[in-house]
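Enquirer: Just passing along the structure, written as structure tokens.
The values are calculated or read from the model by the stated rules, or taken from the named source; none is laboratory data. Not measured: the values here are computed from a predicted model. No Cβ is skipped: glycine too gets one built from the backbone with ideal geometry, and neighbour counts run over all protein chains shown. Remember, those area values only see protein heavy atoms, side chains included, never the ligands or the DNA or RNA. Shrake-Rupley method; radii C 1.70, N 1.55, O 1.52, S 1.80 Å.
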Amino acid sequence: MRRRTLLAGMGAMATLGGCSRPVPIKLGFLAGLSGRAAVTSEDGRNGTMLAVEQANLAGGIGGQLLELLVQDNGDDAQAARSALQALVAAGVQATIGPFSSQVVQELLPLAETAGVLMLSPTATASVLTRQDDAFVMLSPSTRELTRAYAELLWKRGQRRLAVATATDTRNGLYAMAWRDGFSAAFLALGGVLTAQQGFASDASTAYGDVVRALLDSQPDGMVFACGSVDAVRLAVQARKQAAELPVAVAEGAGGEALIALGGQAVEGIVVGQLHDRSSRAPRYLGFVDAYQARFGRQPGYHAVLSHDAVTVLVQAQARRSRGEPLKQAVLRHGPYDGLQQPIVLDRFGDMVRRPYFVVVRGGRFEPL
């Protein structure tokens with residue numbers, strides 16, 4: 001592993017006040033809890049909290065309880081660095097998050113230097129895959145996701161697609177990688193991209209003009225590679241200008257915020273999600289009941305994958321050998337008990353997981 005070997009354990013025993021008792025194992029949570037990503041980040045935080053609480057009720061790890069430390073990585077690079085530095089100073093050796101590929105790329109050098117392992121439930125940029133570093137990806141890569149999207153839309157009879165892509169620094173790493181992966185996969189199937197329109201993820205952007213530019217190319221469908229806020233703004237304009245034209249949005253826009261913010265404008269939109277809402281897996285059903293009881297609402301995929309990330313850390317630590325570095329323990333001791341499927345990581349810490357496609361219908365995500 002480059003720069004620095006990760007610390008071997010997640011906790012240690014110490015003597016306090018003359019008697020020996022376990023020191024809490026500090027686990028960090030790092031996501032955008034303010035600004036545009038707040039809704040989905042809160043979902044991830046809740047899933048993490050629930051997993052930590054359940055682990056502690058089961059006795060923790062070898063008698064050591066988990067202590068969750070939460071930081072908001074904000075909307076800029078300096079805020080993200082400060083958030084991770086605060087967790088490092090507090091003594092965490094692993095974080096759940098960041099959730100954004102852009103933030104992961106920004107913080108990875110700092111995490112490596114500090115010896116902190118970052119497990120991201122939702123970062124997917126292919127540039128982050130197949131690296132021996134301080135990062136574990138619990139979602140499929142953008143390459144795999146976009147191939148699945150292209151195949152689905154082709155099977156649905158769409159041959160001429162126009163793509164709008166967020167190109168600013170907030171979402172650009174993810175969205176442009178998504179656009180490029182989707183474009184390559186769709187063209188390989190024989191499809192035609194009638195237009196590719198970039199835009200800044202900013203309230204001052206004329207979203208109506210973006211949609212108009214796509215429609216001028218006479219597509220038989222539109223695809224939005226962006227986050228949920230931008231997807232909603234584009235969907236509002238799409239409904240005004242071409243209400244019957246099919247729309248698909250990248251999985252990054254597929255959280256609860258899409259429906260909460262979009263209302264009627266997002267009806268009929270197709271989106272891939274990273275968990276199966278119709279799953280009857282006992283572990284998943286138990287999680288849904290516990291989440292609803294604890295937080296008063298249904299969990300989204302950010303909560304599911306965050307819960308899985310905690311499971312990976314807890315089970316890897318319980319199974320690790322004395323002196324084994326944390327990343328190596330995570331890679332060696334799987335598969336892990338995911339809520340819906342076994343969690344299998346390759347030698348780089350990347351997971352293969354195909355998306356589940358849904359459509360917004362009646363204010364709900366319904367399986368296709």
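Enquirer: Suppose we filter the range 20-38 for residues that are at pLDDT 80 or above and open to solvent by 60 Å² or more (accessible area, probe 1.4 Å); how many remain?
Expert: Selection size over the range 20-38: 2.
Enquirer: Using beta carbons and a limit of 9 Å, which pairs, at least six apart or on different chains, have the first residue in the range 98-123 and under 18 Å from Gly32 (Cα atoms) and the second one basic (Lys, Arg) and buried (at least 20 other Cβ atoms within 10 Å of the Cβ)?
Expert: Ser100/Arg170; Gln102/Arg170
Enquirer: Tally up the residues in the range 151-194 that are assigned to a helix (DSSP H, G or I) and over 23 Å from the mean Cα position of the chain (by Cα), please.
Expert: Final tally of qualifying residues: 5.
Enquirer: Could I ask something else about it? Of all residues being open to solvent by less than 30 Å² (accessible area, probe 1.4 Å) and not in a helix (DSSP H, G or I) in the range 96-107, which is modelled with the lowest pLDDT? Just the residue, please.
Expert: Among those residues, the one meeting the criterion is Phe99.
Enquirer: Return the residue satisfying two criteria in turn: it lies in the range 127-150 and is charged (D, E, K, R) and part of a loop (DSSP other than H, G, I, E, B), and of such residues it is surrounded by the most Cβ atoms within 10 Å (Cβ to Cβ).
Expert: Asp133
Enquirer: A follow-up question, please. Being surrounded by fewer than 23 Cβ atoms within 10 Å (Cβ to Cβ), within 27 Å of Gly334 (Cβ to Cβ) and at pLDDT 95 or above is true for just one of Leu110, Leu215, Leu187, Leu193. Which residue is that?
Expert: Answer to the check: Leu110.
Enquirer: Please list, ordered by residue number, the helices (runs of 4 or more DSSP H) wholly in the range 270-368 having 1 or more residues that are among the acidic types (Asp, Glu) and under 19 Å from the mean Cα position of the chain (by Cα).
Expert: 301-319
Enquirer: I would also like to ask the following. Here's a check for you: in the range 338-351, which residue that is touching a Lys or Arg at 6+ places or on another chain (Cβ under 8 Å) and of a type in the set (A, V, I, L, M, F, W, C) is surrounded by the fewest Cβ atoms within 10 Å (Cβ to Cβ)?
Expert: Restricting to residues being touching a Lys or Arg at 6+ places or on another chain (Cβ under 8 Å) and of a type in the set (A, V, I, L, M, F, W, C), the top hit is Phe348.
Residue-wise test of (1) crowded, with 20+ Cβ neighbours inside 10 Å; (2) under 26 Å from Leu69 (Cβ atoms); (3) among the aromatic types (Phe, Trp, Tyr).
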position: His275; (1), (2), (3): yes, yes, no
position: Leu285; (1), (2), (3): no, no, no
position: Pro299; (1), (2), (3): yes, yes, no
position: Ser306; (1), (2), (3): yes, yes, no
position: Val314; (1), (2), (3): yes, yes, no
position: Leu326; (1), (2), (3): yes, yes, no
position: His333; (1), (2), (3): no, yes, no
position: Arg353; (1), (2), (3): yes, no, no
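Enquirer: Can you name every residue in the range 237-272 that is farther than 22 Å from Arg160 by Cβ, open to solvent by 40 Å² or more (accessible area, probe 1.4 Å) and among the aliphatic types (A, V, I, L, M)?
Expert: Answer for the range 237-272, where residues must be farther than 22 Å from Arg160 by Cβ, open to solvent by 40 Å² or more (accessible area, probe 1.4 Å) and among the aliphatic types (A, V, I, L, M): Ala260, Leu261.
Enquirer: Just to be sure I understand, how many residues within the range 113-126 are open to solvent by 10 Å² or more (accessible area, probe 1.4 Å) and either under 15 Å from Thr142 (Cβ atoms) or in a strand (DSSP E or B) (or both)?
Expert: Residues meeting the conditions: 2.
Enquirer: Can you pull out the residues in the range 192-216 that are in contact with a strand residue (DSSP E or B) (Cβ under 8 Å, 6 or more places away or on another chain) and aliphatic (A, V, I, L, M)?
Expert: Val192, Leu193, Ala195, Ala200, Val210, Val211, Ala213, Leu214, Leu215
Residue-by-condition table, conditions (1) open to solvent by less than 30 Å² (accessible area, probe 1.4 Å); (2) in a helix (DSSP H, G or I); (3) in contact with a Ser or Thr (Cβ under 9 Å, 6 or more places away or on another chain); (4) free of Cβ contacts under 8 Å to residues at least 60 places away in the same chain:
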position: Glu67; (1), (2), (3), (4): no, no, no, yes
position: Gln71; (1), (2), (3), (4): no, no, yes, yes
position: Ala83; (1), (2), (3), (4): yes, yes, no, yes
position: Ala89; (1), (2), (3), (4): no, yes, no, yes
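Enquirer: Every residue in the range 40-65 that is part of a helix (DSSP H, G or I) and of a type in the set (S, T, N, Q), please.
Expert: Passing the criteria: Thr40, Ser41, Asn46, Thr48, Gln54, Asn56.
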